[in-house]
1. Is segment 194-202 home to any residue that is assigned to a strand (DSSP E or B), surrounded by 18 or more Cβ atoms within 10 Å (Cβ to Cβ), without any contact (Cβ under 8 Å) to a residue 60 or more places away in the chain and within 24 Å of the chain's Cα centre (by Cα)?
2. Sort out which residues of segment 451-476 are farther than 17 Å from Met107 by Cβ and touching a Leu at 6+ places or on another chain (Cβ under 9 Å), and write them in order of number.
3. Could you pull out the residue among Pro505, Pro483, Pro511, Pro495 that is touching a Phe, Trp or Tyr at 6+ places or on another chain (Cβ under 7 Å) and either aromatic (Phe, Trp, Tyr) or over 24 Å from Leu177 (Cα atoms) (or both)?
4. Just the residues that are outside any loop (DSSP other than H, G, I, E, B) and hydroxyl-bearing (Ser, Thr, Tyr), please, taken from segment 221-243.
5. Restricting segment 144-183 to residues that are over 25 Å from the mean Cα position of the chain (by Cα), charged (D, E, K, R) and part of a loop (DSSP other than H, G, I, E, B), which is farthest from Ser435 (Cα to Cα)?
6. Here are Gly377, Gly381, Gly326: which of them is over 18 Å from Leu314 (Cα atoms) and crowded, with 22+ Cβ neighbours inside 10 Å?
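The values are calculated or read from the model by the stated rules, or taken from the named source; none is laboratory data. Fair warning: this is a prediction, and the values are worked out from it, not measured in the lab. Because the Cβ atoms are built from the backbone with ideal geometry, glycine has one as well, and the counts that use them run over all protein chains shown.
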Amino acid sequence: MPHIPPRSGTAVMSGASTGRLPVRLLAAATGAALTASALVGCAPSDRSRGAGSGTLRIAASTDAGESLNPYASNQSPTQELRSSLLYEGLTALSPTGEFEWRLATDMTPNADLTEWTIKLRPGVTFTDGSPFTSADVVASIAYLRDPEHAVQGLALIEMIDPGKVKAVDDLTVRVGLSKPFGPFKDIWANVFLPMTKAGSAPAKPIGTGPFAVKAFTAGRQSSLNRFDRYWGTRPKLGAVEIIEYQSQQAQANALLSNEVDVASGATPAIAKSLGGKDDLKLLDSKGDFTLRIGLNTAVAPFDDVRVRQALRLLVDRRQVVSNAFGGYARVANDHEAGTPQCPAPDMPQRTQDIAQAKKLLADAGQSDLSFSIATDGLLPGMQELAQVFAENAAKAGVKVAVNVVTPQEFLSKWGKWPVFIDFNTLPYLPYVITSLLPRRVANAAHWENSEFADLAGKLFAAPEQRQCSIMNQMHKIEYEQGPMITPAFANVLLPYRSKVHGLVPDVSGRPLTFLTNVTVGS
């Protein structure tokens, strides 16, 4: 990942992104407006106003620094939402987290997993009418792989040898790697690895998605029309309007006043307050989104594993679920989620144990420990999690202050806070690559564990049938020695008007990326 100060997403409900970096990246507030005439080749014909031409109006969080470039290092959840409708990757994850082919139909490795042959889907058209071919994949990978572009997905494909990416024919690409990598097809499902028309990014990127840009004003509004030549199932909607608001309460107010059909951000308290009002409904996506307390292992005393273990024992996880998340969560066990295909690791559920926590702190010479937890509080539950932890810690005589700072201050000191609130929605494989290995920019805890890194190397080189057992060994190390206190998996909440039909929950926390079957009634 590029070493750039990270930026927070401002709403869990639109689908938070990867961990705090690279999504939480500061962007310059350009506020530039682009119209259909400026987006050459991006707007579809008027045929998209045909049958099923309803418009879905989505309230999202303001991001004045956003752009249409899906590779930009300044993406917020709002930009990710829009990009998911405009661009596609070679593979994808379904709403249940299952692997799916998208612009690719097959990926075959050589014997030692150092070269992969990608077969592309025939008949795919960009929104400017040109065909999608292997040349576009080669160009997209070259753009992503160039460190000068500081793209968010770079860390995920660092194993690709940029000199060994070749177009075999119009629908075949051969990709050479610098080292074996078994989960090659899985990484392409990441939102940060889309395909664009060769030469179009970053100024006027052109994608293959089900929608195309009609108009765009950074920090204010995006107008998207259905692309009628889309290769897949054509959306039933004719258009999508993404309207940006300064706060989650402002989104809720817009929903109540019928200015929008969906509020992409809602705290549990807001979601409950909207229940039953003005014919509103709530989509509750139960997945693997986590808010966690990060402990900087480069700073004493958090470099002492006994201290990290003690602090985890202070947490009343049920209280976190009920108080920080209003019951819209489930208890977690201080490790990241795995995959839908892998069973949970066989480890005892950690519960609050004040006596053992005090003993560990005494053994570490930290009986009088005091510190503050830094957060910008932008996501629902962040500040509440810190407050519940502070209350729990006081029972062991540990003094914890909650330090709520501006996003600018928080991000300017990214990687320097001793204790901080972080988040993650990434599947496990890309999360390991970006956040749990040494010297990764997203590794703000500066955690280094040689045994964990060795297992990660084995995981990346292992065939699919061996990956689960290796993941569970890695989870055990996270559980025992890791840098994060992960007390709960939080639900992603999406209030919407009852005239909207066809929304589906998504375990990855991005339900608004699945709009194929969505309709808007009168």
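1. Of the residues in segment 194-202, the ones assigned to a strand (DSSP E or B) are 195.
Applying the additional criterion that residues be surrounded by 18 or more Cβ atoms within 10 Å (Cβ to Cβ) yields 195.
Those still in the list that are without any contact (Cβ under 8 Å) to a residue 60 or more places away in the chain too: none.
For segment 194-202, residues assigned to a strand (DSSP E or B), surrounded by 18 or more Cβ atoms within 10 Å (Cβ to Cβ), without any contact (Cβ under 8 Å) to a residue 60 or more places away in the chain and within 24 Å of the chain's Cα centre (by Cα): absent.
2. Filtering segment 451-476 down to residues farther than 17 Å from Met107 by Cβ leaves 451-459, 466, 468-476.
Selection gives Phe452, Ala453, Ala456, Leu459, Arg466, Ile470, Met471, Gln473, Met474.
3. On the way: Pro505 fails: touching a Phe, Trp or Tyr at 6+ places or on another chain (Cβ under 7 Å); Pro511 fails: touching a Phe, Trp or Tyr at 6+ places or on another chain (Cβ under 7 Å); Pro495 fails: touching a Phe, Trp or Tyr at 6+ places or on another chain (Cβ under 7 Å).
Pro483 is the lone residue from the list that is touching a Phe, Trp or Tyr at 6+ places or on another chain (Cβ under 7 Å) and either aromatic (Phe, Trp, Tyr) or over 24 Å from Leu177 (Cα atoms) (or both).
4. Initially, segment 221-243 is screened for residues outside any loop (DSSP other than H, G, I, E, B), giving 221-226, 239-243.
Ser222, Ser223 - these are the residues of segment 221-243 that are outside any loop (DSSP other than H, G, I, E, B) and hydroxyl-bearing (Ser, Thr, Tyr).
5. Step one: of segment 144-183, the residues over 25 Å from the mean Cα position of the chain (by Cα) are 161-180.
Keeping just the survivors that are charged (D, E, K, R) gives 161, 164, 166, 169-170, 174, 179.
Applying the additional criterion that residues be part of a loop (DSSP other than H, G, I, E, B) yields 170, 179.
Values: Asp170: 36, Lys179: 20 Å.
Filtering segment 144-183 for residues that are over 25 Å from the mean Cα position of the chain (by Cα), charged (D, E, K, R) and part of a loop (DSSP other than H, G, I, E, B), the one farthest from Ser435 (Cα to Cα) comes out as Asp170.
6. Gly381
Quick grid of which residues meet (1) among the acidic types (Asp, Glu); (2) more than 23 Å from the chain's Cα centre (by Cα); (3) farther than 18 Å from Pro487 by Cα; (4) at pLDDT 95 or above:
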position: Leu369; (1), (2), (3), (4): no, yes, yes, yes
position: Gly397; (1), (2), (3), (4): no, yes, yes, yes
position: Lys413; (1), (2), (3), (4): no, no, yes, no
position: Phe420; (1), (2), (3), (4): no, no, no, yes
position: Arg439; (1), (2), (3), (4): no, no, yes, no
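Yes/no per residue for (1) within 27 Å of Ser370 (Cα to Cα); (2) surrounded by 23 or more Cβ atoms within 10 Å (Cβ to Cβ); (3) among the basic types (Lys, Arg):
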| position | (1), (2), (3) |
| --- | --- |
| Leu411 | yes, no, no |
| Pro427 | no, yes, no |
| Asn443 | yes, no, no |
| Asn449 | yes, no, no |
| Asp454 | no, no, no |
| Pro483 | yes, yes, no |
| Leu493 | no, yes, no |
| Val504 | no, no, no |
